[in-house]
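The structure under discussion appears below in the form of structure tokens.
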Amino acid sequence: MTVNSNINTHASVCDHAGAELRVAYVDNITAIDPLCWDSLMADDNPFNRHAYLAALESSGCVDQQSGWIPHHLVVYERDVIVAVMPLYIKMHSYGEYIFDWAWAEAYDRHQIAYYPKLVSAIPFTPVTGRRVGIAKGIAAAQVWRVINAALNDELAGLGYSSWHCLFLPQQQLVNMSEAAPRDVRCLTRLSTQFHWYNRRYHVFDDFLNALTSRKRKEINKARTKLAVHDLRFEFVAAKDTTPIMWQHFYACYRHTYQKRSGHDGYLNLSFFERIASTMPDNVLLLLVLNSAGEIKGSALYFKSHTHLYGRYWGSLVDIDGLHFEACYYQGIEYCIKHQLEIFDAGAQGEHKVARGFEPTRTYSTHEIFEPAFRSAIADFTVQEANNVSTYMQQLTHKLPYRQQDLTQREPTPDADH
């Protein structure tokens, strides 16, 4: 599918101070002023920033060839932008982390096209955050109502099978649900990730002392075993990085992706260099150095005022325990030192539970155009949610803390509508 570079407009009446809200679509994030986008998102989450999305597009990581075709949604009141939503036309399901391959296969068996579909998400980034940024003074329910109408018209008129909103904060999920008529509300999927929560620790030993004796000894033993390799771990703020550092990081990133999955990864060196330049306050590079000062591994972190996000890592050496140190323990130490509240170390990985990461709910919504498939998928999402809740309960009871809070946590992004 080729996307027209012109802005497409969808008019929909929404009673706000007597004005009509209309929806438009743009095929490049640069068509929207960065200050406008960021002020509407009003979100400390670095992945919702205009600079992050622009780096994905300008580096070529997100484009028609990658199967992530920008189709960002803009809501206007008269000539003023009052809401924005990152939106993409997808020709596959790679890089989403909410898996619907089985749905696509079912469509294929019935000789019905599942692709293209519409996805509101941050490409390659399974992080909960706002999916719609709304101006102050505009009722969220009214904006969601006009977005629902516009996207459902896209499904009916342009041949998309479905639209999906991934890693949505619970409050936006509620707003979205309340805005839609009861008989056409989107289907909700429940998933889980594993996040570390800072309980006012002052040093790493405070965290260790909160664990059971056995788990504390296991972590200390693993870190002591790694220490014989005489490695040094150094966090470098993006403003202090050099092109050589990014080249080394990218070499590690590609090497590990190739080893794990047989391809070079979704992102290129240009993307990493761009985010270091355009959002330096949010980007950290962890370097793994040997005794000679040579870079042998690296991990990329992002941060907000409350969160640390571990995103990508790679190593040129095969050392037992290095991944856990670089991607988990160093992140925990950074959060404690800088008093960040939450460490999101990435999707999946129940092995994180033994290291103090707690099961945390994540949400996505899905609108399926084909009625027969919608009914079957609705039944699936109910059963899936029951299974996920049971799974989270089981893992919560396996947490290594001496005094456990057995509450299954909600995702806590930096800000919500």
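The values are calculated or read from the model by the stated rules, or taken from the named source; none is laboratory data. Just so you know, these numbers come straight off a predicted model, no measurement behind them. With ideal geometry, Cβ positions are generated from the backbone for all residues, glycine too; neighbour counts draw on all protein chains shown. Each accessible area value is taken on the protein alone, full model and side chains, heavy atoms only, with ligands, DNA and RNA left out. Shrake-Rupley method; radii C 1.70, N 1.55, O 1.52, S 1.80 Å.
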Is it true that some residue in the range 137-147 is under 28 Å from G310 (Cα atoms), touching a residue at least 24 places away in the same chain (Cβ under 8 Å) and among the β-branched types (V, I, T)?
no
Go through the range 368-400 and give me each residue that's open to solvent by less than 20 Å² (accessible area, probe 1.4 Å) and more than 27 Å from L308 (Cβ to Cβ).
I368, I377, T381
Which numbered condition in (1) modelled with pLDDT of 95 or more; (2) open to solvent by less than 10 Å² (accessible area, probe 1.4 Å); (3) in contact with a helix residue (DSSP H, G or I) (Cβ under 6 Å, 6 or more places away or on another chain) is the only one that Y309 fails?
(3)
Qualifying residue in the range 94-112 (condition: in a loop (DSSP other than H, G, I, E, B), at pLDDT 95 or above, within 24 Å of the chain's Cα centre (by Cα) and within 20 Å of G133 (Cβ to Cβ)):
no
Which members of the range 378-403 meet the condition of being in a helix (DSSP H, G or I) and touching a helix residue (DSSP H, G or I) at 6+ places or on another chain (Cβ under 6 Å)?
L395
Filter result (modelled with pLDDT under 95 and not in a helix (DSSP H, G or I)) within the range 346-364
G346, A347, Q348, G349
How many residues of the range 312-331 are in contact (Cβ under 8 Å) with a residue 24 or more places away in the chain, open to solvent by 40 Å² or more (accessible area, probe 1.4 Å) and either over 24 Å from E273 (Cα atoms) or assigned to a loop (DSSP other than H, G, I, E, B) (or both)? The answer is 3
How many of the residues in the range 39-54 are out of contact with any Pro (no Cβ under 6 Å at 6 or more places or on another chain) and of a type in the set (S, T, N, Q)?
2
Looking only at the range 269-303, and only at residues there that are out of contact with any Ser or Thr (no Cβ under 7 Å at 6 or more places or on another chain) and charged (D, E, K, R), the one that is least open to solvent (accessible area, probe 1.4 Å)
K303
In this structure, does F124 turn out to be crowded, with 23+ Cβ neighbours inside 10 Å and either farther than 16 Å from I98 by Cα or touching a residue at least 24 places away in the same chain (Cβ under 8 Å) (or both)?
no
Pairs, first within 14 Å of Y197 (Cβ to Cβ) and surrounded by fewer than 23 Cβ atoms within 10 Å (Cβ to Cβ) in the range 342-367, second at pLDDT 95 or above and among the aliphatic types (A, V, I, L, M), C-beta under 6 Å, six or more apart
V353/L395
Anything in the range 281-295 that is over 19 Å from the mean Cα position of the chain (by Cα) and not in a loop (DSSP other than H, G, I, E, B)? List them, or say none.
L286, L287, V288, L289, I295
Looking at (1) open to solvent by less than 10 Å² (accessible area, probe 1.4 Å); (2) small (G, A, S); (3) at pLDDT below 95, can you tell me which one A42 breaks?
(1)
The correct count of residues that are open to solvent by 50 Å² or more (accessible area, probe 1.4 Å) and among the basic types (K, R) in the range 61-108 is 1
Among Y334, Y257, Y266, the single one that is part of a helix (DSSP H, G or I), surrounded by fewer than 22 Cβ atoms within 10 Å (Cβ to Cβ) and in contact (Cβ under 8 Å) with a residue 60 or more places away in the chain is Y334
Among the residues of the range 199-212, write down those that are more than 13 Å from R355 (Cα to Cα) and either of a type in the set (A, V, I, L, M, F, W, C) or open to solvent by less than 50 Å² (accessible area, probe 1.4 Å) (or both).
Y201, V203
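So that you can scan it fast, the table gives a plain yes or no per residue for (1) within 23 Å of A149 (Cβ to Cβ); (2) touching a His at 6+ places or on another chain (Cβ under 6 Å); (3) modelled with pLDDT under 95; (4) not basic (K, R):
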residue: V13; (1), (2), (3), (4): yes, no, yes, yes
residue: A24; (1), (2), (3), (4): yes, no, no, yes
residue: W37; (1), (2), (3), (4): yes, yes, no, yes
residue: Y52; (1), (2), (3), (4): no, no, no, yes
residue: W68; (1), (2), (3), (4): no, no, no, yes
residue: H71; (1), (2), (3), (4): yes, no, no, yes
Please indicate, with yes or no, whether at least one residue in the range 223-242 is open to solvent by less than 30 Å² (accessible area, probe 1.4 Å) and of a type outside the set (A, V, I, L, M, F, W, C).
yes
Only one of (1) within 13 Å of H164 (Cα to Cα); (2) of a type in the set (S, T, N, Q); (3) open to solvent by 10 Å² or more (accessible area, probe 1.4 Å) is not met by Q142, so which one is it?
(1)
